[in-house]
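Peer 1: Below you'll find the structure I mean.
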Amino acid sequence: MTTAVAEPALEEDDLLPAAADDQDIPVPPGAPRALLGSLLAPHRRRIAVAVLTVLVQQATLQAGPLLVALAIDRGIPALRDHDAGPLIAVTAAYLGCALVATLLQRSFIRYAARINQDILLDLRGRIFRHAQRLSLDFHERYTSGRIISRATSDVDTLRELLAEGLQELLMVCLSVGYITVVLCLMDWRLGLAALVSFLPMYLIIRSFRRRSQQVYRRSRTAVAALIVRFTETMNGIRPVQAFRRESANNRAFDTVNQQSATATADGLLEMARYVFLSRMTANTWITGVVVLGALLVSDGSLELGVLTAFVLYLRRLYDPIDQLAMFLNSYQSAAAALEKMAGLLAHEPSVPEPAEPTPLPAATGKGREVAFRGTRFAYANGKEILPEFDLVLPAGQTTAVVGATGAGKSTLAKLLARFYDPTAGTVTLDGVDLRALTTADLRADVVMVTQESFLFSGTVAENIAVGKPDATRSEIEAAARAIGAHEFIAALPDGYDTDVRKRGGRISAGQRQLVAFARALLADPAVLILDEATSSLDVPGEQAVQHAMQTVLAGRTAVIIAHRLSTVEIADRVLVMDQGRVVEDGTPAALIAGEGRFATLHQTWKDSLV
Amino acid sequence: MAENQNPAPPTPAESNTPSTGDIGSSPESVPRSPVRSLLRLWPYAREARWRIFGSMAAAGLASLSVLAVPIVLRGIVDGPIAHHDLAGLWPLAAALLVLGLAEACLFGVRRIIVARPLAKVETRLRGDLFAKLQRLPISFHDRWPSGQLLSRATSDLFVMRLFLAFPLVFLVVNSTVFLTGTVLMFTLDWRLALITLVPAVPLMVYTRRFEAGYSAASRLAQDQNGDLATVVEESVLGIRILKAFGRHRTMAEEFRRHSAALRDTELRKAGLLGNLWAAIVGLPELALGAALATGAVLVAHDELSVGTLVAFLSTALALRWPVESIGWLLGFAAEAASAANRYFEVMDEPEPADVPPAPRGAGRYPHSGDAPADDRGIRFTGVRFRYPDAPAGTPDLLAGIDLHIRPGETLALVGATGSGKTTLTALLPRLYEPTAGSITLDGTDIRDLSREELRREVAVAFEEPTLFSATVRENVLMGAPNADEQRLARALDTAQAGFVDRLPEGLDTEVGEQGLSLSGGQRQRLALARAVVGEPRFLVLDDPLSALDVHTEALVERALRQVLSDTTALVVAHRPSTVLLADRVALLADGRITAVGTHQELLQSCPAYRALMSGESELEGALAR
């Protein structure tokens, strides 16, 4: 056996740092705030209405104790003088206020929910569309799990803040504000005494915020570690059991589990400390004010009813302190989520739409000419994959590209499909630079089938129809038949209508690839790129596909990338690549007859068949 | 009194998961009483029971001290103030202060004493779940998407812990406070008490009814959220396809539809919530207004002191929370019960029986020398298998496999896609159990070995190479924790995994979800190294070279041949090159082994094999073109 090709220095997908955290997406300073601003801006008017509603609602709600004071100080003496008027008026006012407060509360909740939901709808849509716009190099770095959590759990965190946190904060602020004003108006001396309590309260809240922030970070890290360990074990349960990793895993899980328990308990203790300190302060203050009030009443400078109202108000004043702590907690997680979402949204796609698109010349039915001119490609870290590269693929030609892993074959295909843009030089389709084409034009004409064959949830037919959404059932079946996929599909429990995610829908990797082929065929592109698209097929499957290809590829330009040499047989032309360069170029027969790498490889392969 | 929401564990995207309804033993299918479900938490909560009772006591006392405050206020108003007797003010003020401090301390204590114990309860529940899941058979994991399991390990446990910390305590405390407060109000003035209590009953009934409607809407919202997550997940996982076909707009439309549906449900929830809050705020206020008017009339007629009226109104205000809370506390309890159901649903799954592992050194496992020559090696006898979820009426996937792999022999298993090759290999380490028939290793039925022993003898490399978040070294040494550096180097060498030297940290580079991402070929080579590092006596390789390029494949094959020379091995092969590793080949078709022989023999004698491996005529034709 000959060693024809040197082991590639490093494979091309190598060493992409699989970002374990979000540091690889720089968040521009101020982006989270700007994002929040742009989300709220369209609803400015409605938010104003909502605030106004709460303003009035709180006014009516907080009038209660004041009316109690009136009832005691005015209503009762008047009644003793046989004048029921004031008491009736006060009672009516009390009931009226209660009623108005109730109705306003109800409409505020509904109205605020509408605003919240519109904001969330907007945000979800933005993240979704943005993720779809971002280019593939981004998707390769930023794992799918993280994009998914941006669009789901992070949005949920913000939803919690909007739905409960902000609403509550608004109410807390307003009620504190109102009560303070009322207290000062009722009696400035007592009001001032109550105001002084804000200082220790502020200090307590500030210290809670600082301390719980640290605990919160620890807890988030611990939970994340826990989730990774858990998911990894469940997804890899076969090797876990086969290699008897259970007890080692239990020990490792126990460590992260304990860390998470410690962080959880620390969080609970911080809360306990806060509740203790704030209650202590509030209750001490209440006692102080009651004593002061009693002194004032007894020397006649304060009415009894006012003191009663004052004490009732005072208790209400301190009631929302606990809610404030809850708000701080949900604010912390929402701020973190907002930052991550802003980071994602601030990331610009590296493959942008053209400002002034150029249309393609009319289709000839013979495929299109593809040309690479002075094309270079390097990763952002400077590692060059494709040194300067020139290549013309005439319309209608089927070209096979072979070479070791890391030779640059896949990069070539991805540049042609415009999953990436070249670092220098151009890739053209019938003379038009790919960068000048609209996505719609480009995708209608250039289709790539890759090794990975993801199936969307839905039926087999729907999965094939991704290639052409308005395809009829007979078109779908024809595509499946052409590629040799019809037999296995027909044998599924519900045939073409089998749900691929449901029971009995077990579809093997090879069968998935056939579905992917049928999908590409249905799309009927002028340029078809097959990137290791037959790697999971067995030999008969691969042959059936190749047989079909000979008819299917007529009238198309095709680029076939393969590890397996059998694929090469149907090509008009073979390119052997090594370290980003074409080292051999010719018809299969000519290359086999020669003495180059391809001839050696081919011989090795032929030997294995005998 | 509001409870903190500790940083909630991120709710896992219940992605691509069939809703629980899809899974055999769905919790909804067996209506269980919430109390009974919650009682199952007792064994776990037991060790924290005194703390929980202590927390209840502290919360109860704190609430009672809150209730006592109005009484003291009455004393101040009716005593020192009314009689201008300032000397009498001080003891009462001191009492007020003591009550206030007691309340603060007790509420603090109530949280402090349960913080660590309850976190520990949650940890134990989670640890037990994790261990249980690792013991459950692969067939269980086939049915349960990991997202479903994760949500049990995180959000469900969170709900259960919160229940023990808060609703459980306050269900007891608030009922006590409510009863005490009611008695207190009746002692203060029974007429006012009656007026105030009028809305309590409809309010409780209403909140109960609300819970029913609201939880239905919540469940719908959760499902819709899951659907939305699925769309997001698929749009990300299938991004290459969507981009390749320019189909992102179709997906965006789908996304818009789902998020709009979710929005409608959320608005419906808000509507219900609005009504609830209106009732909660409005009804008691109206009753209080009526009580105020009545009270004032009574005071005017000197049937009631001003102090009593003030005390009464304060008490009534203090009782609002216990009344309002009952509804949602019950709702929370129901939620915790359903979380407990979901948790125990997994914990109740039967575990496969296992024989206890033999003491070290005294293995029951006969060494090859002891067994009669005929029994040595791996023998499948009449093995049948079907997946438990296979549609009725389909034939068994494996329908009577008889196969003998001689000791030291390498046997290649070939067959068309979907013929059950991978399934057959999974039976050997007992990842699945045959429906019928037996498998023996050197004459010993694998069911007579503990799984631990069996899996020590049989090493596997899977087609889908999985690396864990750990260093390269740890990943490979999973196959033999005690192997020395030399054996490690030899295994890496065999698998042609020389690339590890060029990784940033060499063998100590972190890989997996949290580390460096490796290409499919690299992962496959590490998985292969993992399988051979222990120099196992029995080796199962499931298409171990599929992701390698021709050149590397050739190198690996050459090295493997050495390793395989004295190992009994079963190798699943798709391609002729892999078949060449083997001494003999077995062809799997229609659930049976239809032919066994050397590659050459089968090429000549078996048309089906020839078709599977080459189809030479066509090839020649293509070449001649």
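The values are calculated or read from the model by the stated rules, or taken from the named source; none is laboratory data. Note that the structure is predicted; figures quoted are calculated from it, not measured. No Cβ is skipped: glycine too gets one built from the backbone with ideal geometry, and neighbour counts run over all protein chains shown.
Peer 1: Do we find that A:Ala69 is touching a residue at least 12 places away in the same chain (Cβ under 8 Å), under 25 Å from A:Val176 (Cβ atoms) and either within 28 Å of the chain's Cα centre (by Cα) or surrounded by 20 or more Cβ atoms within 10 Å (Cβ to Cβ) (or both) in this structure?
Peer 2: The answer is yes for A:Ala69.
Table: residues versus (1) part of a loop (DSSP other than H, G, I, E, B); (2) among the hydrophobic types (A, V, I, L, M, F, W, C); (3) not assigned by TED's automatic domain parsing to the domain that holds A:Leu530.
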site: A:Pro359; (1), (2), (3): yes, no, yes
site: A:Ala363; (1), (2), (3): yes, yes, yes
site: A:Arg376; (1), (2), (3): no, no, no
site: A:Ile385; (1), (2), (3): no, yes, no
site: A:Gly396; (1), (2), (3): yes, no, no
site: A:Ala400; (1), (2), (3): no, yes, no
site: A:Ala404; (1), (2), (3): yes, yes, no
site: A:Ser410; (1), (2), (3): no, no, no
site: A:Tyr420; (1), (2), (3): yes, no, no
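Peer 1: So how many residues does the stretch A:242-254 have that are farther than 18 Å from B:Gln524 by Cα and touching a Lys or Arg at 6+ places or on another chain (Cβ under 9 Å)?
Peer 2: Result for the stretch A:242-254: 5.
Peer 1: If you don't mind, there's one more thing I want to ask. Working carefully through the options A:Ile88, A:Ile76, find the one that is more than 28 Å from A:Ala337 (Cβ to Cβ), more than 7 Å from chain B (Cβ to nearest Cβ) and free of Cβ contacts under 8 Å to residues at least 12 places away in the same chain.
Peer 2: None of the other options fit; the residue is A:Ile88.
Peer 1: Please find, among B:Leu118, B:Leu125, B:Leu129, B:Leu150, the residue that is more than 30 Å from B:Arg455 (Cβ to Cβ) and of a type in the set (A, V, I, L, M, F, W, C).
Peer 2: B:Leu118 is the lone residue from the list that is more than 30 Å from B:Arg455 (Cβ to Cβ) and of a type in the set (A, V, I, L, M, F, W, C).
Peer 1: Follow-up. Taking the condition assigned to a helix (DSSP H, G or I) and charged (D, E, K, R), does A:Asp137 pass?
Peer 2: Yes; evaluated as a whole, the condition is true for this residue.
Peer 1: For residues in the stretch B:243-269 being without any contact (Cβ under 8 Å) to a residue 24 or more places away in the chain and touching a Phe, Trp or Tyr at 6+ places or on another chain (Cβ under 9 Å), which is surrounded by the most Cβ atoms within 10 Å (Cβ to Cβ)?
Peer 2: B:Ala244
Peer 1: When you look at A:Val427, is it of a type in the set (Val, Ile, Thr), touching a residue at least 24 places away in the same chain (Cβ under 8 Å) and touching a helix residue (DSSP H, G or I) at 6+ places or on another chain (Cβ under 8 Å), yes or no?
Peer 2: yes
Peer 1: Can you name every one of the helices (runs of 4 or more DSSP H) wholly within the stretch B:34-111 that holds 3 or more residues which are among the polar types (S, T, N, Q)?
Peer 2: B:49-76
Peer 1: Given the condition touching a Leu at 6+ places or on another chain (Cβ under 8 Å), over 30 Å from B:Glu253 (Cβ atoms) and at the interface with another protein chain (Cβ under 7 Å from one of its Cβ atoms), answer yes or no: does some residue in the stretch A:107-121 qualify?
Peer 2: Checking the stretch A:107-121: at least one residue is touching a Leu at 6+ places or on another chain (Cβ under 8 Å), over 30 Å from B:Glu253 (Cβ atoms) and at the interface with another protein chain (Cβ under 7 Å from one of its Cβ atoms).
Peer 1: Something else about it: Which residue, of B:Leu454, B:Leu424, is in contact with a Pro (Cβ under 9 Å, 6 or more places away or on another chain), among the hydrophobic types (A, V, I, L, M, F, W, C), outside any loop (DSSP other than H, G, I, E, B) and more than 9 Å from chain A (Cβ to nearest Cβ)?
Peer 2: From the options B:Leu454, B:Leu424, the qualifying one is B:Leu454.
Peer 1: Please tell me if A:Arg519 is charged (D, E, K, R) and under 28 Å from A:Val500 (Cα atoms).
Peer 2: yes
Peer 1: Could you check how many residues of the stretch B:306-355 are of a type in the set (D, E, K, R) and either over 31 Å from the mean Cα position of the chain (by Cα) or within 14 Å of chain A (Cβ to nearest Cβ) (or both)? Can you show your working first?
Peer 2: Looking only at the stretch B:306-355, we keep the residues that are of a type in the set (D, E, K, R), and these are B:320, B:324, B:335, B:342, B:345, B:348-349, B:351, B:354.
Then drop every residue that is not either over 31 Å from the mean Cα position of the chain (by Cα) or within 14 Å of chain A (Cβ to nearest Cβ) (or both), which leaves B:320, B:324, B:349, B:351, B:354.
The total comes to 5.
Peer 1: To continue, here is another question. Could you identify the single residue in B:Leu288, B:Leu309 that is assigned by TED's automatic domain parsing to the domain that holds B:Val77, part of a helix (DSSP H, G or I) and modelled with pLDDT of 80 or more? Let's see the steps before the verdict.
Peer 2: Details: B:Leu288 fails: assigned by TED's automatic domain parsing to the domain that holds B:Val77.
The unique qualifying residue is B:Leu309.
Peer 1: So in the stretch B:527-547, with the set limited to residues that are farther than 17 Å from B:Pro481 by Cα and either assigned to a loop (DSSP other than H, G, I, E, B) or aromatic (Phe, Trp, Tyr) (or both), which one is farthest from the other protein chains (Cβ to nearest Cβ)?
Peer 2: The qualifying residue farthest from the other protein chains (Cβ to nearest Cβ) is B:Pro544.
Peer 1: Going through B:Thr207, B:Thr230 one at a time, which residue ends up being touching a residue at least 40 places away in the same chain (Cβ under 8 Å), among the hydroxyl-bearing types (Ser, Thr, Tyr) and at the interface with another protein chain (Cβ under 7 Å from one of its Cβ atoms)?
Peer 2: B:Thr230
Peer 1: Identify all residues within the stretch A:413-463 that are more than 9 Å from chain B (Cβ to nearest Cβ) and among the hydrophobic types (A, V, I, L, M, F, W, C); write none if there are none.
Peer 2: A:Ala413, A:Leu415, A:Leu416, A:Ala424, A:Val427, A:Leu429, A:Val432, A:Leu434, A:Ala436, A:Leu437, A:Val460, A:Ala461
Peer 1: Out of the residues in the stretch A:251-283 meeting the condition of being farther than 24 Å from B:Ala153 by Cβ and more than 7 Å from chain B (Cβ to nearest Cβ), tell me which one is nearest to the chain's Cα centre (by Cα).
Peer 2: Within the stretch A:251-283, the subset farther than 24 Å from B:Ala153 by Cβ is A:270, A:272-283.
Applying the additional criterion that residues be more than 7 Å from chain B (Cβ to nearest Cβ) yields A:270, A:273-274, A:277-278, A:281-282.
Details: A:Glu270: 31, A:Arg273: 36, A:Tyr274: 34, A:Leu277: 39, A:Ser278: 38, A:Thr281: 43, A:Ala282: 43 Å.
Among them, the one singled out is A:Glu270.
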